[in-house]
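Values quoted throughout were computed directly from the atomic coordinates according to the rules given, and no laboratory measurement underlies them. The structure displayed is predicted, hence computed values, not measured ones. Cβ placement follows ideal geometry from the backbone for every residue including glycine, while neighbour counts extend to all protein chains displayed.
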Amino acid sequence: QVQLVESGGGLVQAGGSLRLSCAASGRTFRNLLMGWFRQAPGKEREFVAALRWSDSTYYADSVTGRSTISRDNAKNTVYLQMNSLKAEDAAVYYCAAGSDLYRGSVYSTDTYNYWGQGTQVTVSS
């Protein structure tokens, strides 16, 4: 059992930065695949970034070069640093967790078993 709580969303000017946080409880990050997804109104949930237990990272093309996923094991928290924010980045951002012991695509929602409640990111132009 894993509980995930996102925070750090809010209103930011285009070109600005913010850091989203995902606090995990129930277990440590050991052998966990952690991911960030986002969903805008009327659109499907899409992959943003992922972090494997091995420390390998993955990013969607739309955020590559301006986003960084990381974790603090002591705090059981995973982060998503986002820079140079664009209007199209506006969405509800969800933290997700799944087992890193089995085969599966880090880009697919089906790979993740646990989800947070989401945190809203609004970008003003």
### Query
How large is ³J(HN,Hα), in whole Hz, for each residue of region 112-125 in order, when computed from phi with the Karplus curve 6.51 cos²θ - 1.76 cosθ + 1.60 and θ = phi - 60°, using x for Gly and Pro?
9, 9, 10, 9, x, 7, x, 9, 7, 10, 10, 10, 9, 9
### Query
Taking Cα centroids, how far is region 1-34 from region 52-117 in Å?
8
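Of the peptides 32-38, 59-65, how do they stack up when ordered by the mean number of other Cβ atoms within 10 Å, highest first?
The peptides rank, most packed first, as 32-38, 59-65.
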### Task
Under a 10 Å cutoff between Cα atoms, tell me which one of 54, 84, 25 has the largest fluctuation in the Gaussian network model of the chain.
54
### Message
With unit charges on the beta carbons (Lys and Arg positive, Asp and Glu negative) and the dipole taken about the Cα centre of the chain, which residue among 12, 76, 87 sits farthest to the positive side?
### Response
76
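Taking 0.36 nm per residue of separation and subtracting the Cα-Cα distance, what length does fully extending residue 31 through residue 117 add?
Working: separation 86, 0.36 × 86 = 30.96 nm, distance 2.23 nm.
Extending this stretch completely gives an extra 28.7 nm.
With charges set only on the Cβ (+1 for Lys and Arg, -1 for Asp and Glu), what does the dipole of the chain come to about its Cα centre, in debye to the nearest 20? Walk me through the numbers on the way to the answer.
On the way: 12 positive and 10 negative charges, 49 e Å.
It comes to approximately 240 debye.
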### Message
Could you work out the relative contact order of the chain? I mean the mean sequence separation of Cα pairs under 8 Å and 6+ apart, divided by the number of residues, in percent.
### Response
36
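Under a Cβ-Cβ cut-off of 15 Å, what is the net charge of the residues other than residue 118 that fall near it, where Lys and Arg count +1 and Asp and Glu count -1? Display every interim value, and only then the final one.
On the way: positive: 38, 43, 45; negative: 6, 44, 46, 89.
Local net charge: -1.
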### Task
Using the 2.2 N^0.38 Å rule of thumb for compact globular proteins, work out how the chain stacks up: its C-alpha Rg over that value, please.
0.98
### Task
Read phi for every residue in region 73-83 and hand back ³J(HN,Hα) as whole Hz from Karplus 6.51 cos²θ - 1.76 cosθ + 1.60, θ = phi - 60°, with x for Gly and Pro.
4, 5, 9, 6, 10, 10, 10, 10, 8, 10, 10
### Task
Work out from phi, with θ = phi - 60° and the Karplus expression 6.51 cos²θ - 1.76 cosθ + 1.60, the ³J(HN,Hα) of each residue of region 94-109, listed in order in whole Hz, and give x for Gly and Pro.
10, 8, 9, 9, x, 6, 9, 9, 10, 6, x, 7, 5, 8, 9, 5
